[in-house]
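Visitor: Submitted below is the structure of interest, expressed as structure tokens.
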Amino acid sequence: MVDFSLKAAAIDKEQLGARGRAMTELGLPVNLELHTFGARDIDSRDSFKTAIANVERFKADHSVNGLVVHVPLQSVAVVTSRDFDADQCLRSIEFADRVGADAIVLHRYWGLVFGEGAPRAVDKASAEIAFNEVIRDLADAASGKRLLVENVGHYSLLPRDGRNYLSGPLDHFFPWEIARFRDFVRQEGLDNVEPFVDVAHAALSSNLFNRKRVAYSSLRDDPRFAWISEEDLQEVEWLHPFDFVDSDMPYLHASDAILLDRDQIAKDALDEAVLTRSIVSEGLEVGSGSLPFERLPDRFGRTGTIVLEVDPAVGESHIENGAQRRSLGALREIYRKRTGGQCAGAEMGAAVSL
């Protein structure tokens, strides 16, 4: 059975309470992914304690079914000077232990640079090996808690203008790279490590991949496309975000994004504003972008957890995030129709109108 989850900042007790009420009102088990910021919560002992107290109060007020901790977003100053910030992962594991979370979400990246900075990594193969070595150590530190390894996509930074971004050799976690990672996990016997996909991140990667495949000569030196290799481009003729998803994944991040179609991709002179929008737009309310979510049940299957990672709409706040609730309702209705009720809360009938 598919479960649904919302996201809330662990340091913000009002957000936590609003998400708990939303899921209860929808007749759903209370599942949350706890967003962390780093400097505002787990990096400081005082705020670390405050965040724990917030979550413990939340658990006292709600019948919580499951919690997952998301490792903080990467600090630009740290990850452009260090290949991978394992310390924040270790702090997140400690936080997960203290609040009784079942799993920790972390990003797959290595050797990031800002914007058009010169690459720090030698090649993708050596970066994969190095990242996998870190995962082996973190899996041991997690003491049986699941490590959920997420694709980054095109790592756009605010103000999402196409010029502020991080890039590195492990940006995209293409389906064939996911397969290699699973081989590594099996060979090492890492029973608590699993890859998963953020479908909006996958849309950004797909747009870059598809455009580079048809305009290779003009994009060969464009740093935004740098880590999509010739070998990658030989894997498939066309890449779709849902190609990253499969029924073996136990977890999924869902939000809408802007997916360029074949006609747009094939244009000799694709408008730069159109391209930029397609590689920086994520966290959109389901239905406001162009991802065909009605096809998602055919890829993700009928078990696992779908987390709505949706930004508030205009006029909303991060506390009263109506876009996130409406997106949950939309996906819940899709699953109810496509899987004959095989989703959490299906016994309640159609999704609650939001």
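The values are calculated or read from the model by the stated rules, or taken from the named source; none is laboratory data. What you are looking at is a predicted structure, and each value in this text was computed from that prediction instead of being measured. Every residue, glycine among them, receives a Cβ derived from its backbone with ideal geometry; neighbour counts consider all protein chains shown. The accessibility values were calculated without ligands, DNA or RNA, using every heavy atom of the protein model including side chains. Shrake-Rupley method; radii C 1.70, N 1.55, O 1.52, S 1.80 Å.
Visitor: Which one is nearest to the chain's Cα centre (by Cα), of the residues in segment 103-128 that are surrounded by 15 or more Cβ atoms within 10 Å (Cβ to Cβ) and part of a loop (DSSP other than H, G, I, E, B)? Please lay out each step first, then the result.
Guide: Restricting attention to segment 103-128, the residues satisfying the condition of being surrounded by 15 or more Cβ atoms within 10 Å (Cβ to Cβ) are 103-114, 119-121, 124, 127-128.
Going one step further and asking which of them are part of a loop (DSSP other than H, G, I, E, B), we end up with 108-112, 119-121.
On the way: 108: 10, 109: 13, 110: 16, 111: 19, 112: 18, 119: 24, 120: 24, 121: 23 Å.
Step by step, filter segment 103-128, then rank; the result is 108.
Visitor: Just for segment 48-93: of the residues that are touching an Asp or Glu at 6+ places or on another chain (Cβ under 8 Å) and without any contact (Cβ under 8 Å) to a residue 40 or more places away in the chain, which one is most open to solvent (accessible area, probe 1.4 Å)? Give the steps one after another, and end with the answer.
Guide: Let us first name the residues in segment 48-93 that are touching an Asp or Glu at 6+ places or on another chain (Cβ under 8 Å), namely 48, 50-51, 54, 65-70, 72, 74-75, 78-79, 86, 88, 91.
From what is left, the residues that are without any contact (Cβ under 8 Å) to a residue 40 or more places away in the chain are 50, 67, 72, 75, 78.
Values: 50: 67, 67: 6, 72: 1, 75: 50, 78: 41 Å².
Per the criteria, the residue is 50.
Visitor: Could you list, in sequence order, all residues of segment 2-56 that are under 22 Å from the mean Cα position of the chain (by Cα), more than 14 Å from residue 99 (Cβ to Cβ) and of a type in the set (Ser, Thr, Tyr)?
Guide: 5
Visitor: Let me ask you something else. Would you mind finding the one in 77, 39 that is in a helix (DSSP H, G or I) and within 27 Å of residue 164 (Cβ to Cβ)?
Guide: Values: 39 fails: in a helix (DSSP H, G or I).
None of the others qualify; the one that does is 77.
Visitor: Moving on. List the residue pairs whose Cβ atoms are under 7 Å apart, where the first residue sits in segment 190-208 and is open to solvent by 10 Å² or more (accessible area, probe 1.4 Å), the second is in a helix (DSSP H, G or I), and the two are 6 or more positions apart or on different chains.
Guide: The qualifying pairs are 190/136; 190/139; 192/139.
Visitor: I need every pair where a residue in segment 94-115 that is touching a residue at least 40 places away in the same chain (Cβ under 8 Å) has its Cβ under 6 Å from the Cβ of a residue that is crowded, with 24+ Cβ neighbours inside 10 Å and aromatic (Phe, Trp, Tyr), sequence separation at least 6 or different chains.
Guide: Pairs that qualify, where the first residue is touching a residue at least 40 places away in the same chain (Cβ under 8 Å) and the partner is crowded, with 24+ Cβ neighbours inside 10 Å and aromatic (Phe, Trp, Tyr), are 108/173; 110/84.
Visitor: Got a number for residues in segment 153-182 being open to solvent by less than 10 Å² (accessible area, probe 1.4 Å), aliphatic (A, V, I, L, M) and in a loop (DSSP other than H, G, I, E, B)?
Guide: Qualifying residue count, segment 153-182: 1.
Visitor: Could you give every pair whose Cβ atoms fall below 7 Å, whose first residue belongs to segment 314-340 and is closer than 17 Å to residue 255 by Cα, and whose second residue is assigned to a helix (DSSP H, G or I) and among the charged types (D, E, K, R), counting only separations of at least 6 or pairs across chains?
Guide: Short answer, once both residue conditions are applied: 334/294.
Visitor: Does residue 255 fit the bill of being surrounded by 20 or more Cβ atoms within 10 Å (Cβ to Cβ), hydroxyl-bearing (Ser, Thr, Tyr) and farther than 17 Å from residue 150 by Cα? Before the answer, list the steps.
Guide: On the way: surrounded by 20 or more Cβ atoms within 10 Å (Cβ to Cβ): yes; hydroxyl-bearing (Ser, Thr, Tyr): yes; farther than 17 Å from residue 150 by Cα: no.
So residue 255 does not fit the description; no.
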